[in-house]
Each structure stands twice: as C-alpha cells, then as structure tokens.
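One structure below.
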Amino acid sequence: TVSIARSFDLIGGLLVAGDSTKLRAQNSKKNNFNQKKIDRHLAYIDKHLNEYENAMKKADGDDEREEIQKDIDDNHKRRKQYKDLEKELKESGETQISTSDPDSRHQIVRNNITEVSYTVQSTVDAKHCIPIDYKVTNANDKKAMGGMLRRAKSILKTSQFTALYDKGYHTGSEFKIADELNIRTLVAIPGIGRNSQAPDPNYNAENFTYNPITDTYQCPEGHTMKSNGTRYKGRNGTFKQYKTKACKGCPLRSLCTTAGVNGKVVQRTEFAEHIEANTRRMESCDGLYKRRQAIVEHPFGTIKRQWGFDHVMTKKTMKGASADAGLIFIAYNLKRILNLMGMKNLLKELKK
C-alpha cells in the first residue's frame, strides 16, 4: 500500500512523525505475573495450608479429615503451579510473564491505567497522513526511535527528511543513531526531574556553559568546573562529573545546590552533544514540531476510535499480533488512498 501511495505521489518523504499506541493482548491481568505477584500468591497459599494443618489436628471423624485433606491437596497443586511459574520467570530473565500470550506485557496505557498489551510503533508521512511503517513490540518508547528511523530511511530511500517525536523518545543513544543516519529529528524536551532541580531555576545544569576544547563547564557565577576524567556507568550510557572547589565558599551556593559535601555536580553523558543538537533544533524549528500530533495521531484516531480496533484479535506471540496490526494498517491505507484519489481516478491509474 505504501508503494501504491508513492506511485500516486501521495507520499511526500520530507516530513514524518512517529509515535506509539497500546493494543490490548488476548491475555488478562489475572494471567500475567511478576515475582511480587507470585510471592503474594505463595504467601496466601502457605497461610491457608497452615490453617488446614491446624484444622486437621482438631478434626473429628474421617469425613471431616477427608474434606480437609482434599483442600490441602488442592492448595499444594496450586502452590506447585506458582513455583513452576517462578522457575520459568527466573529462567527467562524477564521481569514478568504472561501465560495466555507469552510475548505480551503488563504496561501503562495512559495515566495510571494499565493493561496487558503490545506497543505498536508507527511512522506516518505528513503529506496525507499515510503510515509508511509499523512495528509491534512489547517495550516502551525509550529505545524505539533509532530503529524506526533506520526503517524509514530504507522505505523512503533517503535521509533528507525531518522526523517529529514526543518527549517519550528523548534518549541520548537514539539521537546518536539519528545523527549517524543523517536524519534531522525534532524531539520534545522533557522537564527536569524534581531531584535535579536547583533551589533557584537559574542555576539548573542547562544554564552551565560547556567548553568542548577544555572539557570544562562554567557556572553562572563564572567558576570553572572540571572533571577527573573518569567515566561512570549510568542507566543511559556513561557520564562524567564536573565540580569546582569554588563551590565551598560561594555566597550563592544555597541557590545552586542542596548538596552538603561536594557542592554542585554537573553530569555530562556520552550522548550530550547529540542531545544538545536536538535542543538547538527545537529552539529554531519555527513551530514545525506543533504539526506532530495532527500527523501521527490521525491514523491511530481512526483505527482505535472510529473502527474500535483497540486490541489484537490473535492469541499467542508477537508474530500473530504483528499480522493483526498489519492487516488493519493495510485497510487504513487502502481506504485513505481511495478517499484521496476517488474510485474513478484510482481504477484509471491502476489500469495504467
């Protein structure tokens, strides 16, 4: 359908937007387990087994003992099932396990609402809001942008396009991939976490100036902050720390940091230059980013709200879920092409 749309000049290939949506899997929350949930079930069963053992000691008559023994046997069977699940979970190396659809995951759908679901990544061309690619995953958006851009470059056969993404995709390693692909990205910048905020916002880390030649920072008061050269491991790659002894005697220290011993510490990740490049693009994008929602939400709105496709029909594995999503995207694109071309023009062009 993308090839058909391109042959009819319905794909612009200059501006795309990416986003994801959650589709409920054929797996209830009841049939999804993590270690905490398994421990809770085992504790509940052990409590009842203890109660049954005590009741057995006080039981009068064979009939009562037989009834209690049946309950004990049933609970031992259930206990074995949860222990087997626990073993399977540990061997898988995953944090959770789904028993009906093993590839599905318990995820936040919106706000505090959760579902056992799949994440569908989509790339949509801006010219006529036509999806050019989709990928079904069971992960969040954090590490998705690089892979989707690589696929978009292959589909469009060019890297000369701009890609718009929301703040959920703001990850240093993904910016590096985009820069290596020579693709211009505009990604919303997330707010600074509460723990990273300075008492006075003017002394937040983004207001410290980095000098790439000397590998130093200058704080708003003009003090030079240096690194010891050591790279530390973090959740999103490695980073260096920058400090200055001048922090100890600075009269404005209370506005800058609440740290007791070392004073202000600025961290710089290995992907900082790529993140900063995105920030500069966002500051000079002249409102282009505002188009993101209208482009990428258009297909999702139609598919989920109008057509009611908010869950996958197939059961078992991501492969089945991908086929499910693929069919709905085919239907969307065919209908979109038909609406844009008109039946007569479409038939005329297809005959050619």
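The values are calculated or read from the model by the stated rules, or taken from the named source; none is laboratory data. Because the structure is a prediction, the values reported are computed rather than measured. Virtual Cβ from ideal backbone geometry, glycine too; neighbours counted across all protein chains shown. What goes into the accessible areas is simple: the full protein's heavy atoms, side chains included, and nothing from ligands, DNA or RNA. Shrake-Rupley method; radii C 1.70, N 1.55, O 1.52, S 1.80 Å.
Quick one, can you get me the convex hull of the C-alpha atoms of the range 14-154 expressed as volume per residue in Å³? Can you show the working numbers first?
Details: hull volume 18.5 nm³, N = 141.
It is 131 Å³ per residue.
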- Query: Okay, helix-only estimate at 222 nm for the chain: each DSSP H run of n ≥ 4 adds -39500 (n - 2.57), divide by all residues, round to 500 deg cm²/dmol; what do you get?
  - Reply: -13000 deg cm²/dmol
- Query: Tell me, what % of the accessible area of the chain is carbon and sulfur with a 1.4 angstrom probe?
  - Reply: 49 percent
- So between THR216 and GLU66, what do we pick up on full extension, going 0.36 nm a residue minus the alpha carbon distance? 46.2 nm
- Task: Kindly point out which whole DSSP H helices in the chain project their C-alpha atoms 24 angstrom or further along the helix axis while averaging a Kyte-Doolittle hydropathy of 0.0 or above.
- Result: 318-341
- Task: Just grab the label-to-label distance for ALA331 and GLU297, each label 7 Å out from Cα along the Cβ direction, in nm (one decimal).
- Result: 2.3 nm
- Item | Span per principal axis, largest first, for the Cα atoms of the range 2-88 (Å) | 85, 22, 18
- Mind putting a number on the dipole of the chain about its Cα centre? Charges go on the C-beta only, +1 for Lys and Arg and -1 for Asp and Glu, and I need it in Debye to the nearest 20. 1300 debye
- Please report, to one decimal in angstroms, the Kirkwood hydrodynamic radius of the range 88-146 built from all distinct Cα-Cα pairs. 13.5 Å
- Give, as ranges by residue number, the residues of the range 189-233 whose backbone N falls under 19 Å from the point 7 Å along Cα→Cβ of LEU252. 197-211, 217-226
- Item | 3J(HN,Hα) from dihedral phi, the range 131-142, Karplus parametrisation 6.51/-1.76/1.60, rounded to Hz, x for glycine, proline | x, 9, 6, 8, 8, 8, 10, 10, 10, 7, 7, 3
- Query: Taking R0 as 35 Å, what's the FRET efficiency between THR224 and LYS290 from their Cβ-Cβ distance, rounded to 0.05?
  - Reply: 0.35
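For the range 229-352, what is the charge dipole size about the Cα centre, in debye to the nearest 20, if Lys and Arg each add +1 at the Cβ and Asp and Glu each add -1 at the Cβ?
220 debye
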- Message: Please report the equivalent ellipsoid semi-axes of the range 253-348, computed as sqrt(5 x eigenvalue) of the Cα gyration tensor, largest first, in whole Å.
- Response: 47, 22, 13
- Task: With the cut-off at 34 Å, report for the chain the share of all Cα pairs above it, as a whole percent.
- Result: 49 percent
- Taking +1 at the Cβ of each Lys and Arg and -1 at the Cβ of each Asp and Glu, which of THR216, LEU327, HIS76 sits farthest along the dipole of the chain towards its positive end, judged by Cα position relative to the Cα centre? THR216
- Determine, from the Cβ-Cβ distance of ASP73 and GLU51 and an R0 of 22 Å, the FRET efficiency 1/(1 + (r/R0)^6), rounded to the nearest 0.05. 0.90
- Message: What percentages make up the Cα-Cα pair-distance distribution of the range 185-290 when the bins are 10 Å wide from 0?
- Response: 13, 42, 35, 10, 1
- Note on the structure: 1/(1 + (r/R0)^6) with r = Cβ-Cβ of ILE192 and TRP307, R0 = 30 Å, i.e. FRET efficiency to nearest 0.05, evaluates to 0.15
- Query: Just the Cα atoms of the range 80-224, one point each, no solvent: what log10 I(q)/I(0) does Debye give at q = 0.22 Å⁻¹?
  - Reply: -1.32
